[in-house]
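Only the coordinates and a few stated rules stand behind these numbers; no lab work does. Here the structure is a predicted model, which means the values were calculated and not measured. Cβ sites come from the backbone with ideal geometry, for glycine too, and all protein chains shown count toward neighbours.
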Amino acid sequence: MAKPLNIGMIGYGFMGRAHSNAYRKVSNFFDLEYQPVLKAVCARNEDRARAFAKNWGYESVETDWQKLLARDDIDAVDICTPNNLHRDIAIAAAAAGKMILCEKPLAMNVAEGEEMCEAVEKAGVANIVWYNYRRIPAVTLAKQLIDEGRLGRIFHYRAQFLQDWTISTDLPQGGEALWRLDVDAAGSGVTGDLLAHCIDTAIWLNGGIDRVTAMTETFIKERQHNLTGKMEPVGIDDACAFLARFENGSLATFESTRYARGHKALYTFEINGEHASIAWNLHDLHRLSYFDHRDDSVVRGWRSIHVTDGDQPYMDHWWVPGLQIGYEHSFVHQVADFLDGAAAGKEVGPTFRDALETQKVCEAVLSSAREGSWVNV
Ligand code: SOE
């Protein structure tokens, strides 16, 4: 019989739904020592929180996160709030001895991230950050191929995350659905929201990043603010591109924007090694492209691996070979791994400390863009 692990979720936006879905599904597909129980959801707007609780099956509702943390019947806290609340909630949750699952990016900046790492390490509580793309089976397979040495020495890493949802000048900033455009709530724009995903995957696949040189742009300089009703300056980066050098000597280019008309969530990466290359694309997420120069020359070429076989990462938990899974499953995998680690007393990445490395790269990128020069991470 699995032991219950009572979840208290703070926030109920898009990510609250993705995480709740994962908690509900995980025990049906993975054999785990812990079974998540949706104990409480917490948000300031009580009616909305109640509607969310009813839809997803949460047993209770809180409107003050401090009250949620004071409850003895909450084992793990899931932080799905805007970024400017991560630090205070995580530090208080660690002091209350709760496990913590925190949305990305870890914090508003490196200083906050460091405090959060110290808090969870001092309290000895299990912690993880929701960089979910590591757990798309095709991306996990890419990690496996690199770790097996199939690519050999790596020369190049190329990543993009392209969207187009903020092009309209009429789009306001701030408030519930649009806090990602408000620098006071988000800390940064595409750098913390989208490039942070690319950086997390890159560090995981290819090791640490040494130095960066970046440029950013804010195309729409003023937007109406939902909280004040006034036109206010836009403080976030709408687009960011940077060059990087990895510790292993490979070179990288990263690009992200919310102004690439036609692209909705096009996260792509390509890695070129001495023997082989791999490429992946979120719009076709169950496939991994692979080219191996050691193949017989008459049949050598890019192959598109349909990652659905039971031998491939996570896939033995789902359907039969040939039947693919999607975006939401990456969250189910993350919960499964986290619960396995928690039961065994083992850290599972990306921990707060791992996510701090990504935060450091983001901060170096933003300061390089301001200063117009190379910056050491
Ligand atoms: C922004 O549009 C967003 O929802 C990010 O916040 C997520 O982290 C990313 O996975 C998809 O895009």
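Descriptive notes on the structure:
- Members of region 119-136 that are crowded, with 20+ Cβ neighbours inside 10 Å and over 17 Å from Val348 (Cβ atoms): Ala119
- Filter result for Leu227 (hydrophobic (A, V, I, L, M, F, W, C) and part of a strand (DSSP E or B)): no
- Answer residue from region 114-154, given it is assigned to a loop (DSSP other than H, G, I, E, B) and within 16 Å of the ligand (Cβ to nearest atom) and is farthest from Asn281 (Cα to Cα) among those: Trp130
- Among the residues of region 260-276, those identified as out of contact with any helix residue (DSSP H, G or I) (no Cβ under 7 Å at 6 or more places or on another chain), within 30 Å of Arg180 (Cα to Cα) and surrounded by fewer than 18 Cβ atoms within 10 Å (Cβ to Cβ) are Ala260, Arg261, Gly262, Lys264, Glu270.
- Subset of region 155-170 that is assigned to a loop (DSSP other than H, G, I, E, B) and within 16 Å of the ligand (Cβ to nearest atom) - its residue that is surrounded by the fewest Cβ atoms within 10 Å (Cβ to Cβ): Ser168
- Highlighted here are the strands (runs of 3 or more DSSP E) found entirely within region 251-336 that include at least 1 residues which are of a type in the set (Phe, Trp, Tyr) and either within 19 Å of the chain's Cα centre (by Cα) or within 16 Å of the ligand (Cβ to nearest atom) (or both): 251-257, 266-273, 276-281.
- Qualifying residue in region 13-23 (condition: surrounded by fewer than 23 Cβ atoms within 10 Å (Cβ to Cβ), of a type in the set (D, E, K, R) and either touching a residue at least 24 places away in the same chain (Cβ under 8 Å) or outside any strand (DSSP E or B) (or both)): yes
- Whichever residue in region 212-238 is of a type in the set (D, E, K, R) and buried (at least 16 other Cβ atoms within 10 Å of the Cβ) and, among such residues, is nearest to Ser188 (Cα to Cα): Asp237
- Verdict on Asp193 being part of a helix (DSSP H, G or I), within 14 Å of the ligand (Cβ to nearest atom), touching a helix residue (DSSP H, G or I) at 6+ places or on another chain (Cβ under 9 Å) and touching a residue at least 40 places away in the same chain (Cβ under 8 Å): yes
- Residue tally, condition at negative phi, more than 16 Å from the ligand (Cβ to nearest atom) and over 15 Å from the mean Cα position of the chain (by Cα), over region 84-112: 16
Residues checked against (1) under 27 Å from Leu356 (Cβ atoms); (2) among the charged types (D, E, K, R):
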residue	(1), (2)
Glu176	no, yes
Trp204	yes, no
Gly207	yes, no
Gln224	no, no
Met231	no, no
Asp237	yes, yes
Ala241	yes, no
Phe254	yes, no
